[in-house]
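Encoded as structure tokens, the structure appears first; notes follow it.
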Amino acid sequence: MAALIPVVTVRLWHTDMLGRKTKILSVLLAIFMSVGMLGACAPGNTGGNGDDGTGDDFDYTDLSVRDFVGRKGIVTAASPYAAKAGLDILQAGGNAFDAAVAVSFAISVAEVDASGLGGGGLMIAYNVNTGQSLFYNFREFAPAGVETDYSEYEKISADNACIETAVPTQVAGLLTILEEQGSGNLTKQQIMQPAIDMAADGIVVTPELSLNIKDSTAKILYNGTDVWNVYSDGIEGLYEGDILVQTDLAETLEYVATHTVEEFYTGEIAQKIVEASQAHGGSITMEDMKYASENYPKKSEALTGTYNGYDILTSASPSTGGTMLIEMLNMLECYDGDISALGHNSAEYINLIATVMQLAYGDKEKYMADTSFVDVPLVGLTGKEYAAERFEKYTAGKAYLGTGEGDLPYGNPYPYNGGAAQDYAYGPSGEHTSTTTFSVIDEAGNIVTITQTINNFFGCGIVPEGCGFFLNNEIRDFSYTEGSINEVAPYKQPASYMMPTVILKDGKPYATLGSPGGSRIPAAVLQVVLNMIEFDMDMQTAINQPRVYCYTTTDEPPGTAKLIEIENALKELLPELIALGYDARVYSDNRELDSYFGGVQGIRVEEEGYHGGADPRRDGKALGY
Ligand code: GLU
């Protein structure tokens, strides 16, 4: 049985769309503390009939219910406050883009540690009328003077933390989305107001935020007095349930609301970013900032693939996660039999998905990076024939460990690609743990899904003076292996696992989802997609299932047992996985589910309506009407 444990009770202000402030509620944040949450669950709240369908005393911050079925519109995000911001915008006549931008700014306040104005992101959108997809790439890029001597990155400290800071592109991305795709029914100020109010009036420190503050205190204190401005009570004084007021951030957001993209990138905040970068060993200049505003976001259609009759619309370069998802699904299509007959999260099912994970992660490190700079064999990597060749490595009843002398963690997609083969070094890059993702569907049925990040929690730990947001440390997503495809270069974007995704069935929207979690992102998204498609789970149930992660792309000798990490909720499977040949380990034994394995927010179009699901591994919540 699930036990409901109240964690926090506080009072706070709510500001509605017209700027009216009311002291509304006693917020009860609660979490389920048992495996009771892992089973099938009926959808939580349901909306419809023109109102939010939940009654006057509906507490949108109640995390004992994560999901929501909306008949008209739905928002899911890693914070109930951010989800509410998006819902308010939808109900005030905004479209999915307006709402997504509102959520984006709001989550930059609620999860100031995970994403924000000092970072970047990726957006996939689907227009239900035209059937067209859009990919907006506002991922950060390396400044012109980026350090290319890898040994310098080993000496990382407070003094040179900005050596890892890429040029922030978040504001260019969001304001362009609004300008080009917004409904025009609401002003930029209205769309940003929920975020501004959250920063000015304060947000409740959630369990996850409090944990991350505790884990990152040393890094945050790099910044000394600037950070004390951000956290008015001082960092040590912030515990879950406290109110976090971010006055500087509120002012910065107000500045964004009243200035153009160009003004932002040439004005006083850009100047502060440049000063912070240069004071802490970075190289960002005003020219780099201008370059960002003139060249970002980059726009294209989504990267596409298919899986047993479903269309996958996912993130293109510099995302590698999107390419990996298509490759993994292509491999699984070659499975000779009914995947669901293996049994959900049975040892053999895990062996199957762990094998395709390993094969795709190996290809990622060898072949995937920013396609504007390097020659990625994308046709081969996303093709069915290459996947069939790769899938020959799978053996039922036996872990794939590399099958003999000379067996490599990557395949050779060039015969399926056309063009000349390139010889890049195999170059693993680091794993990270931050980021956030959210999705929106509006009344017209249009879908917007965004994943955004400052890379590690609290980025590089540096706040431009008086600005209230953290600068990213995205340079760390390059590979520090000399000659690798993802090697650092001026203006290049570091490869990203982020992969907001939309899935269609019979040409109609089926689901949308994304995840944070660094290198675990493709593994997490794959598992949730399979839970829906192969095991017919509703959105929330699909998210709730425990997950595994099998990376293992090192060039360790063939035959070495491969590390597979599993959530505590799966610990009973350890003996079976070890018997298959894996070096199986429980990642964290004090939480049944752990945010290390991602934080999936998603929406599935189900019979009852748009079913928004939110990950209990983070502070996620879906809200709709
Ligand atoms: N910076 C990472 C990426 O773009 C994401 C970090 C995370 O999700 O934790 O892949």
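The table below gives the values:
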| quantity | calculated |
| --- | --- |
| Failed condition for Pro494, given (1) more than 30 Å from Asp589 (Cβ to Cβ); (2) more than 13 Å from the ligand (Cβ to nearest atom); (3) modelled with pLDDT of 95 or more | (2) |
| Residues being assigned to a helix (DSSP H, G or I), at pLDDT 95 or above and either farther than 23 Å from Asp583 by Cα or not hydrophobic (A, V, I, L, M, F, W, C) (or both) - total across segment 333-359 | 8 |
| Some residue of segment 262-276 being touching a residue at least 24 places away in the same chain (Cβ under 8 Å), of a type in the set (S, T, N, Q) and crowded, with 18+ Cβ neighbours inside 10 Å | no |
| Hits in segment 427-438 - residues which are near the ligand (Cβ under 9 Å from one of its atoms) and not in a loop (DSSP other than H, G, I, E, B) | Thr436, Thr437 |
| Conditions (1) under 19 Å from the mean Cα position of the chain (by Cα); (2) among the hydrophobic types (A, V, I, L, M, F, W, C); (3) away from the ligand (no atom under 16 Å from the Cβ); (4) assigned to a helix (DSSP H, G or I): number failed by Ile312 | (4) |
| Residue that is surrounded by fewer than 24 Cβ atoms within 10 Å (Cβ to Cβ) and touching a strand residue (DSSP E or B) at 6+ places or on another chain (Cβ under 8 Å), where the choices are Leu530, Leu573 | Leu573 |
| Matching residues, segment 251-261, being touching a residue at least 40 places away in the same chain (Cβ under 8 Å), closer than 13 Å to Leu175 by Cβ and buried (at least 17 other Cβ atoms within 10 Å of the Cβ) | Leu253, Val256, Ala257, Val261 |
| Candidate set from segment 454-474 (those that are in contact with a Ser or Thr (Cβ under 7 Å, 6 or more places away or on another chain) and aliphatic (A, V, I, L, M)); member that is farthest from Glu111 (Cα to Cα) | Leu471 |
| Within segment 410-425, considering residues that are of a type in the set (Phe, Trp, Tyr) and assigned to a loop (DSSP other than H, G, I, E, B), the one nearest to Leu359 (Cα to Cα) | Tyr410 |
| Any hit, segment 399-409, residues being under 24 Å from Thr481 (Cβ atoms), assigned to a loop (DSSP other than H, G, I, E, B), modelled with pLDDT under 95 and within 16 Å of the ligand (Cβ to nearest atom) | no |
| Tyr416, sole failed condition from (1) closer than 30 Å to Ala125 by Cα; (2) within 16 Å of the ligand (Cβ to nearest atom); (3) of a type outside the set (A, V, I, L, M); (4) more than 17 Å from the chain's Cα centre (by Cα) | (2) |
| Count of segment 111-144 residues which are outside any strand (DSSP E or B) and modelled with pLDDT of 95 or more | 10 |
| Residue check for Ile441: in contact with a Gly (Cβ under 7 Å, 6 or more places away or on another chain), within 16 Å of the ligand (Cβ to nearest atom) and among the hydrophobic types (A, V, I, L, M, F, W, C) | no |
| Residue that is surrounded by the most Cβ atoms within 10 Å (Cβ to Cβ) [pool: residues in segment 145-193 that are of a type in the set (Ser, Thr, Tyr), in a helix (DSSP H, G or I) and touching a residue at least 24 places away in the same chain (Cβ under 8 Å)] | Thr176 |
| Among the residues listed as Leu117, Leu90, the single one being more than 25 Å from Ile521 (Cβ to Cβ) and either surrounded by 24 or more Cβ atoms within 10 Å (Cβ to Cβ) or under 18 Å from the mean Cα position of the chain (by Cα) (or both) | Leu90 |
| Candidate set: segment 444-488, residues that are assigned to a strand (DSSP E or B), in contact with a Gly (Cβ under 7 Å, 6 or more places away or on another chain) and of a type in the set (Val, Ile, Thr); chosen: the one farthest from the ligand (Cβ to nearest atom) | Thr449 |
| Of the criteria (1) more than 15 Å from the ligand (Cβ to nearest atom); (2) under 21 Å from Thr306 (Cβ atoms); (3) crowded, with 21+ Cβ neighbours inside 10 Å; (4) not acidic (Asp, Glu), which one Phe535 fails | (3) |
| All positions within segment 317-366 that are away from the ligand (no atom under 16 Å from the Cβ) and aromatic (Phe, Trp, Tyr) | Tyr335, Tyr349 |
| Exclusive hit being farther than 20 Å from Tyr480 by Cβ and out of contact with any Gly (no Cβ under 7 Å at 6 or more places or on another chain), set Ala200, Ala144 | Ala200 |
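Every residue, every condition in (1) modelled with pLDDT of 95 or more; (2) under 30 Å from Thr76 (Cα atoms); (3) out of contact with any strand residue (DSSP E or B) (no Cβ under 6 Å at 6 or more places or on another chain), yes or no:
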residue: Ala396; (1), (2), (3): yes, no, yes
residue: Gly418; (1), (2), (3): no, no, yes
residue: Ala421; (1), (2), (3): no, no, yes
residue: His432; (1), (2), (3): no, yes, yes
residue: Ala444; (1), (2), (3): yes, yes, yes
residue: Phe470; (1), (2), (3): no, yes, yes
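Residues checked against (1) closer than 24 Å to Ala511 by Cα; (2) buried (at least 22 other Cβ atoms within 10 Å of the Cβ):
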site	(1), (2)
Val65	yes, no
Gly70	yes, yes
Ala85	yes, yes
Phe105	yes, yes
Val112	no, yes
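The values are calculated or read from the model by the stated rules, or taken from the named source; none is laboratory data. Keep in mind the model is a prediction, meaning the values are calculated, not measured. Backbone-built Cβ (ideal geometry, glycine too); neighbour counts: all protein chains shown.
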